[in-house]
Amino acid sequence: LERFGRSEPEGFPGMKKAHHEYKRMSLIGGGRGEDGVPQPASFPEGHIEFMSSLYDASVATSDAYLAQILEILDDLDLTDDTVIAFTSDHGEAWMEHGNLVHGHTVHRELVQVPLVIAGPGIPEGAVSETPVANRHLASTLAAIGGAALESVPDPLNLAVPDAVEERAIFTATTHGSWNWRRGRQPIYGIREG
């Protein structure tokens, strides 16, 4: 947190309570305006920014631990025999579309995550601009290891960025919230291009 220059704002209820209560507030919204349109919830000044900083700090901590793992692999002389895949199952929302944290929508901030693959046989520094789905990671790792996953439909090898064809990317959540309606519902998304 010191690295990000953030200190706890006045009246902050603690991350666990804020996460639960503020997420709930974002999902139910702030009532309806005079025109009947649902209004986003409002939060005490600086609280959402501080929660985002806590998240950034946790990402930075993960980065530091990943660096330690890479150092250990190097010390054990295993770097040239190890493939590293770094990704995430979801992102976080910080009120970009009126919601907090994750699990309730399929907006870009929740479904667009990094994917980095490095190791022997993987082109160093290659970057793919083609959107892909992390569901192809297992078949990619199998291909790198000289195997195939027979039960996986349309497997891709994401470690060969130039060979990845553009295709529709599907996303979903079963805990969706839409226009501040109460109750969880499935929400599906598709990205083309």
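The values are calculated or read from the model by the stated rules, or taken from the named source; none is laboratory data. It should be emphasised that the depicted structure is a prediction, and the values quoted were computed from it without experimental measurement. Please note: Cβ atoms are built from the backbone with ideal geometry, for glycine as well, and neighbour counts cover all protein chains shown. Accessible surface is based on the protein model in full, side chains and every heavy atom, while ligands, DNA and RNA are left aside. Shrake-Rupley method; radii C 1.70, N 1.55, O 1.52, S 1.80 Å.
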Under 15 Å, Cβ to Cβ, from I144 - net charge with Lys/Arg +1 and Asp/Glu -1: -3
Need one number: convex hull volume per residue for the range 1-44, Cα atoms only, in Å³. 96
Can you list the HN-Hα couplings for the range 66-72, worked out from phi with the Karplus curve (6.51, -1.76, 1.60; θ = phi - 60°), rounded to whole Hz and with x for Gly and Pro? 4, 4, 5, 4, 4, 5, 5
On the accessible surface of the range 1-45, probed at 1.4 Å with all protein chains in place, carbon and sulfur together account for a percent value of 48
In whole µm²/s, the translational diffusion coefficient that Stokes-Einstein assigns to the range 139-193, given a Kirkwood hydrodynamic radius over C-alpha pairs, 20 °C and 1.002 mPa s, equals 153
In order over the range 130-142: 3J(HN,Hα) from phi, Karplus 6.51/-1.76/1.60, θ = phi - 60°, whole Hz, x for each Gly or Pro, gives 7, x, 9, 10, 5, 5, 8, 5, 4, 5, 5, 5, 4
Give me the percent of Cα-Cα pairs in the range 1-99 that sit more than 17 Å apart, rounded to a whole number. 64
Here the net charge surrounding F12, from other residues whose Cβ is less than 13 Å away from its Cβ (Lys, Arg +1; Asp, Glu -1), is -2
Modelled FRET efficiency - R0 35 Å, I72 with W94, Cβ distances, 0.05 increments: 0.55
The simple spin-label model distance between D162 and F86, using points 7 Å out along Cα→Cβ, in nm, is 2.5
Arranged from highest to lowest average of other beta-carbon atoms within 10 Å per residue, in what order do the peptides 154-164, 99-109 appear? 99-109, 154-164
Under Karplus coefficients 6.51, -1.76 and 1.60, residue-wise ³J(HN,Hα) of the range 18-28 in Hz, glycine/proline x: 4, 4, 5, 6, 6, 5, 4, 4, 5, 6, 8
Across D35, D74, D89, the residue with the highest GNM fluctuation in the chain (Cα network, 10 Å cutoff) is D35
Per DSSP H run of at least 4 residues, take -39500 (n - 2.57); add these up for the chain, divide by its residues and hand me the 222 nm value, nearest 500 deg cm²/dmol. -9000 deg cm²/dmol
Consider the candidate values (1) 61, 40, 25; (2) 63, 40, 35; (3) 62, 36, 30; state which one is Cα extents along the principal axes in Å computed from the structure displayed. (1)
Leaving out ligands and nucleic acids, note down the accessible area per residue over the range 87-166 with a 1.4 angstrom probe, in whole Å². 57
Which of the peptides 62-69, 19-26 is most tightly packed, and how do the rest follow, judged by the mean count of other Cβ atoms within 10 Å per residue? 19-26, 62-69
Just for the Cα atoms in the range 64-169, what are the lengths along the principal axes, largest first, rounded to whole Å? 48, 35, 26
The relative contact order of the range 1-125, taking Cα pairs under 8 Å that sit 6 or more residues apart, comes to a percentage of 23
For the range 102-136, list residues with backbone N below 15 Å from a point placed 7 Å from the Cα of D154 toward its Cβ? 131-136
Taking Lys and Arg as +1 and Asp and Glu as -1, residues besides L1 with C-beta under 13 Å from its C-beta add up to -2
